[in-house]
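The next block holds one structure in the form of structure tokens; read it before the comments.
The values are calculated or read from the model by the stated rules, or taken from the named source; none is laboratory data. Treat the numbers as computed from the prediction; the structure is a model and nothing was measured. Here Cβ is always computed from backbone atoms with ideal geometry, including for glycine, and neighbour counts include all displayed protein chains. Keep in mind that these areas ignore ligands, DNA and RNA; they rest on the heavy atoms of the full protein, side chains included. Shrake-Rupley method; radii C 1.70, N 1.55, O 1.52, S 1.80 Å.
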Amino acid sequence: MNLHEYQAKDILASFGVRIQRGKVAQTPSEASQLAQVLQQETGTDWFVVKAQIHAGGRGKGGGVKLAKGLDKVEEVADSIIGMDLITPQTPPEGKPVHQVLIAEDVYYPGDEEPDEFYVSVLLNRATGRNMIMYSTEGGVDIETVAEETPHLIFNEEIDPAVGLMPFQARRVAFNLGLSGAAFKDMTRFITSLYNAYVKSDASLFEINPVLKTSDSKILAVDAKVTLDENALFRHKDYEALRDLREENPVEVEAKAVGLNYVALDGNVGCMVNGAGLAMATMDLIKQAGGSPANFLDVGGTADAARVETAFRLILKDPNVKAILVNIFGGIVRCDRVAQGIVDAYKNMGDAIQVPIIVRLQGTNADIAKELIDNSGLEVHSAVLFQEAADKVQEVLR
Ligand code: GDP
Ligand code: MN
């Protein structure tokens, strides 16, 4: 689950990680009011107004702007709220900005080359260990750094049995070229950041930039946090951080009705029982020259109501040109599933405008095939995997 910058910073702060302080606003006038409060709390006169969307690169797209004075905040916020922000990480049409973060300007005025670093914490899947990835080249695209100056990216891998060792935090600060108070503060920053990552069950912390202020304090200016969905049961309060406006609406709807649906960008909709078979089915579609429009595991009860719900979800995607239903009847009998499909199809009338290929295998598969073939509907039945693939190919032609 991805978070907004302001939510990510709240989590960091709750674990004692120093952040650029700020407040989130939904309207320009609220932005102005909150800036006033922020001024009282921090003494700042300059502010930075930052679009809150689930995508990076906002600075380049005009989603991060300075407001040099309290009287400028409302106008700057007005120019950002409501815009469709286009960045290298958004879809081409951009993402609508519903809210902005009003934060204290923490940069030294007139400093052309501020000390900006890159720090992330993530799981190295190859070694099965968390690692801290960091670089002296902060504030820019880390992918570019990796390509052009890979020797400026460092890794510190953490032994899960002992956790982050003090010498490791010191090594990070040393490699970042720090000394004195900044060195000390960086070791504290890294230690609290790593602790926050572990305790919040995150799968990614990316802080770019980490800033060294003119008075040698280290703080997080930006924060990208991805939480591990499977650990959310341990953090009931984090569930409220989910912003449904940022998620695929069909996925949100599927979740609400208890279906396991993941949107993809292909043209063949899939309805399958079991995650393993669903993945195999997606491979099959690829082999047949199509590409899957979604992953959908309908689970064990493929009755008419559930099949209909699944059909309706799949058909919300305008790219779907055909639907492949692939059900293995182990506990659930194929003829019951077939009847469910026929009933759902009849019930939906004109809602189905694309061909449907149904492969039912397992208990009573032969009766199921007969049921479908005799239904008089535009449903193609198949028994073998390859047959289903061939039929997909045929209807896509
Ligand atoms: P991103 O572009 O989505 O990664 O958003 P960031 O939060 O990283 O902000 C983009 C850039 O804006 C940063 O790299 C900074 O250079 C700049 N920026 C962020 N906060 C401030 C601030 O308080 N003052 C100034 N002068 N620049 C800032
Ligand atoms: Mn950033």
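Descriptive notes on the structure:
- Principal axis box of segment 248-396, alpha-carbon based, largest edge first, Å: 38, 31, 31
- Expressed as a whole percent, the accessible area of segment 248-396 that falls on carbon and sulfur atoms is 52 (1.4 Å probe).
- Trypsin sites (Lys or Arg not before Pro) restricted to segment 158-187 and DSSP loop, no more than 16 other C-beta within 10 Å: none
- For the pair segment 136-150 / segment 330-355, the C-alpha centres are spaced 52 Å from each other.
- For the chain, the spread of Cα coordinates along the three principal axes comes to 80, 50, 40 Å, biggest extent given first.
- Using the Karplus relation 6.51 cos²θ - 1.76 cosθ + 1.60 with θ = phi - 60°, the per-residue 3J(HN,Hα) values for segment 265-274 come to 10, x, 10, 10, x, 10, 10, 9, 9, x Hz, with x marking Gly and Pro.
- When the residues 134, 194 are ordered by accessible surface, computed with a 1.4 Å probe over the protein chains alone, the sequence from largest down reads 194, 134.
- Kyte-Doolittle at least -1.0, axis length at least 27 Å by Cα - qualifying DSSP helices, the chain: 180-199
- Candidates 97, 122, 79 compared by Cα position along the dipole of segment 75-133: farthest toward the positive end lies 122, with charges placed on Cβ.
- Under 30 Å from the Cα of residue 68 - lysines, other chains or at least 8 residues apart: 9, 23, 50, 60, 95, 212, 217, 224
- In this Cβ point-charge picture (+1 for Lys and Arg, -1 for Asp and Glu), the chain has a dipole of about 780 debye about its Cα centre.
- The chain: most fluctuating residue of 93, 74, 116 per GNM, C-alpha cutoff 10 Å: 93
- Within the full protein context, the accessible area of residue 154 is estimated at about 60 Å² for a probe radius of 1.4 Å.
- In the full protein context, segment 248-396 carries 45 Å² of accessible surface per residue, based on a 1.4 Å probe and ignoring ligands, DNA and RNA.
- Taking label points 7 Å from Cα along the Cα-to-Cβ direction, residue 214 and residue 264 give a separation of 5.4 nm.
- Dipole of the chain [Lys/Arg +1, Asp/Glu -1 at C-beta], most positive-end residue of 268, 173, 160: 160
- Per-residue SASA remark: residue 41, around 110 Å² accessible (1.4 Å probe; ligands, DNA and RNA not included).
- Residue 137 - accessible surface, heavy atoms, 1.4 Å probe, Å² rounded to 10: 70 Å²
- At q = 0.17, 0.22 Å⁻¹, base-10 log of I(q)/I(0) for segment 1-94 (Debye sum, equal scatterers on each alpha carbon): -0.77, -1.18
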